[in-house]
Amino acid sequence: MSKKSDAFYFENFQAVAKICVNAANYLVECMTNYDPDAIESRLKVMHEFEHSADIKKHEMNATLSKAFITPLEREDLAELSQNLDEVADDIEEVLQRFYMDSPKQVTPESILMAQKVSTCCQRLSAMLEELPNFKKPDNLMQTIIQISDAEEDCDRIYLEAYRNVTQHTTDPLEVIAQRKVYEYLERCADACEHVADVVELIVMKNS
């Protein structure tokens, strides 16, 4: 386990991961109970999640700028913080697409993708709970693999959904709107995998 003096870094990452879980779950809720008239108010709620993640990133940067000794390489901590913040950013951007492009409906595929993003975030949270034990990385490596598996599932759904909307939707504006939703959901899964990649690199450096 890490020393008490290192606790801030790990607790900061864990807090951001929990924010991402809450944001992803809220996205699933918004998409499952889709109401175009409520998107603007729901965006305000979603922005609070994203803003909370931003605050945590700024706290991390401020601490890193003053720290003399850190539990992991300073650059790795900064990169992990940035990538985590991007997960929250990308989740918010999915809901922004609904606001900007006004799709007429939410497809089953997009809800399934959002659920996969939620799964990615839950596994991300579990991974960062385990991060203080980076010198005994068996559990960390398991969650990294699980995140990669969930991201691959999301990729597979994305390809089929993109193809289906092109073949079966006649309204060109609706095709564009649905494609954008799929693309931004896929970005969320990619962003989770990027966080896992940083953690995997940390494990390799410290083994």
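General remarks:
- Any hit, the stretch 182-202, residues being crowded, with 18+ Cβ neighbours inside 10 Å and more than 20 Å from the chain's Cα centre (by Cα): no
- Residue match in the stretch 66-75 (condition: of a type outside the set (D, E, K, R) and either within 30 Å of P172 (Cβ to Cβ) or assigned to a helix (DSSP H, G or I) (or both)): no
- Residue selected from the stretch 105-136 under the condition hydroxyl-bearing (S, T, Y) and assigned to a helix (DSSP H, G or I), by the criterion farthest from the chain's Cα centre (by Cα): S110
- Checked across the stretch 176-190, the condition of being over 22 Å from D101 (Cβ atoms) and either in contact with a helix residue (DSSP H, G or I) (Cβ under 7 Å, 6 or more places away or on another chain) or among the polar types (S, T, N, Q) (or both) holds for no residue.
- Residue check for V198: part of a helix (DSSP H, G or I) and within 23 Å of Q82 (Cα to Cα): yes
- Within the stretch 168-183, residues that are closer than 11 Å to S110 by Cβ reach partners that are among the aliphatic types (A, V, I, L, M) with beta carbons closer than 7 Å, at six or more positions or on different chains, in the pairs Q178/V165; R179/V165; V181/V94; Y182/M113; Y182/A161.
- Scanning the stretch 1-32 for residues that are modelled with pLDDT of 95 or more and either outside any helix (DSSP H, G or I) or among the aliphatic types (A, V, I, L, M) (or both) turns up A15, V16, A17, I19, V21, A23, A24, L27, V28, M31.
The values are calculated or read from the model by the stated rules, or taken from the named source; none is laboratory data. Here the structure is a predicted model, which is why all the values come from computation and not from measurement. Positions of Cβ are generated from backbone atoms using ideal geometry, with glycine treated the same way; all protein chains shown enter the neighbour counts.
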